[in-house]
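Asks: My questions all concern the structure below.
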Amino acid sequence: MKRVDDFRLRLGQHELVPIMIGGMGVDISTADLALEAARLGGVGHISDAMINTVADRRYETKYVKEKLALYKYNVLNEDKSPVKFDLGRLAEATRLHVEATMGRKKGSGLVLINCMEKLTMNAPRETLKVRMASALDAGIDGITLAAGLHLGSFGLIEDHPRFRDAKLGIIVSSVRALQLFLKKSLRTNRLPDYIVVEGPLAGGHLGFGMDWADYDLATIVGEVLRFLQEEHLAIPVIPAGGIFTGSDAAAFLQQGAAAVQVATRFTVAEECGLPAETKQEYFKANADDIEVNQISPTGYPMRMIKSSPGIGDGIRPNCEAYGYLLDASGKCAYIAAYNREVAAHPGARKVKVWDKTCLCTHMRNFEIWTCGQLAWRLKDTTHRLPDGSYQLLTAEHIFKDYQFSVDQQVTLPAKAMA
Ligand SMILES: Cc1cc2nc3c(=O)[nH]c(=O)nc-3n(C[C@H](O)[C@H](O)[C@H](O)COP(=O)(O)O)c2cc1C
């Protein structure tokens, strides 16, 4: 029986351990987590979701406060179209995060940045262009385009000096989405360097409808591999979603995948950005505590733990400070849902909003606990401590467990000293 370490991922001149830790916004896949993957010879992701907020937290900038001060006059206004991001500050925030990360990189692996195109930021093209270009300027090894692939994205950076040398990848959930992307980016004469195929069991937003359970990752991966073979395209395919053990991963590598992308197992790593008490919620979750719902204003279904404090919370939209999900005309589905509830409950001090959530505020505050479908198995990957809590793992332990384990085994960590 083969194990993950019997395979290598070739990306250009790089030969890598075929384990990629997926991007987890907002700063859940921290620089520390991504750097561990790179140090161990694999691939890590930082994320540029809510990058101004992340910069404020990590590099003592004041972007959010400044933006709020500028647009405070608009807080009670339903129309958020005037609330624009300053592109210079957005570039600066991206540069700070990427430079600080890449400056600490060790080992032969890669650090990529996950760019979610669904963060439309009230000016989708302009902001995405700045986000990608400044990450390249700051020395990121590559960019993974995720959630909402709007097809023309490669074109936005085709004039960048690093357009051909940086690694550029995409995340798709069907062969059809891949075909559309390839057709659209044909003009740039630039193929993706890798294709992450994300199935229905993944964490975060899903590239499926509420019928996600009708789909199966191995089937989609097979379709993608067949299509690429027919087209004589040698692009590495990287399955993601529900790959919980080294054996799960090795099975995909034997099927012809070049690597796997994994995330949920790392939510309980010491290096992961979730607060310590939230990591315990991930450990504690049982299968029926996890749901896919439609409360994300992006319109994509999202998987999360049902007791996430952000579900149902009716806070006032915070777009003047954040506003990452405002579309090109300054709209977000949460604003409409919130205003509907306020109008239905005149005089109420606080309303409940169940159908949508203020995703910016709640992701920033770690109050939407998104996870993969198999998060309920996390408790079996560690020890229960005498106080009833679960022992955190190191990213290195989890990474090596994927790399070397066989027979569906999960190696438990050494017991922490009391
Ligand atoms: C907490 C969490 C946050 C995530 N955030 C993002 C994100 O910001 N962008 C993205 O493209 N994928 C996101 N994902 C998806 C992962 O990158 C990855 O593809 C997927 O979860 C892999 O499946 P697994 O979690 O079952 O291993 C997230 C996943 C988790 C668990």
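Asks: Calculate the length of the line joining the C-alpha centroid of segment 272-344 to that of segment 206-271, in whole Å.
Replies: Their Cα centres are 26 Å away from one another.
Asks: For the pairs Lys129/Lys356; Lys284/Lys350; Lys105/Lys167; Lys105/Lys400; Lys331/Lys356, note any where the Cα-Cα span goes beyond 21 Å.
Replies: Lys129/Lys356; Lys284/Lys350
Asks: Within segment 176-197, list the residues whose amide N lies under 18 Å from a label point set 7 Å along Cα→Cβ of Ala234.
Replies: 190-195
Asks: If you don't mind, another one. Taking neighbour counts of Cβ atoms within 10 Å as a proxy for exposure, in what order, fewest first, do Tyr402, Tyr324, Tyr63 appear?
Replies: Ascending number of Cβ neighbours within 10 Å: Tyr63, Tyr324, Tyr402.
Asks: Turning to a different aspect of this structure: Once you put a point 7 Å from the Cα of Val75 and another 7 Å from the Cα of Glu291, both along the Cβ direction, what distance in nm separates them?
Replies: Simple spin-label model gives 3.2 nm for this pair.
Asks: Which aspartates and glutamates does Lys184 reach when only Cα atoms under 18 Å apart count, and residues fewer than 8 places away in its own chain are ignored?
Replies: Partners within reach: Glu117, Glu158, Asp159, Asp193, Glu231.
Asks: In straight Cα distance, which aspartates and glutamates are under 16 Å from Lys352, not counting same-chain residues fewer than 8 positions off?
Replies: By straight Cα distance, Lys352 reaches Asp313, Glu341, Glu367.
Asks: Give me the one-decimal nm value for the distance between modelled label points at Glu158 and Lys352, 7 Å along each residue's Cα-to-Cβ direction.
Replies: It is 5.2 nm.
Asks: Which length gain, in nm to one decimal place, applies between Leu385 and Ala100 when the Cα-Cα distance is subtracted from 0.36 nm times their residue separation?
Replies: Going from the current span to full extension adds 99.1 nm.
No value in this document is a laboratory result; all are computed from the given coordinates. Not measured: the values here are computed from a predicted model. With ideal geometry, Cβ positions are generated from the backbone for all residues, glycine too; neighbour counts draw on all protein chains shown.
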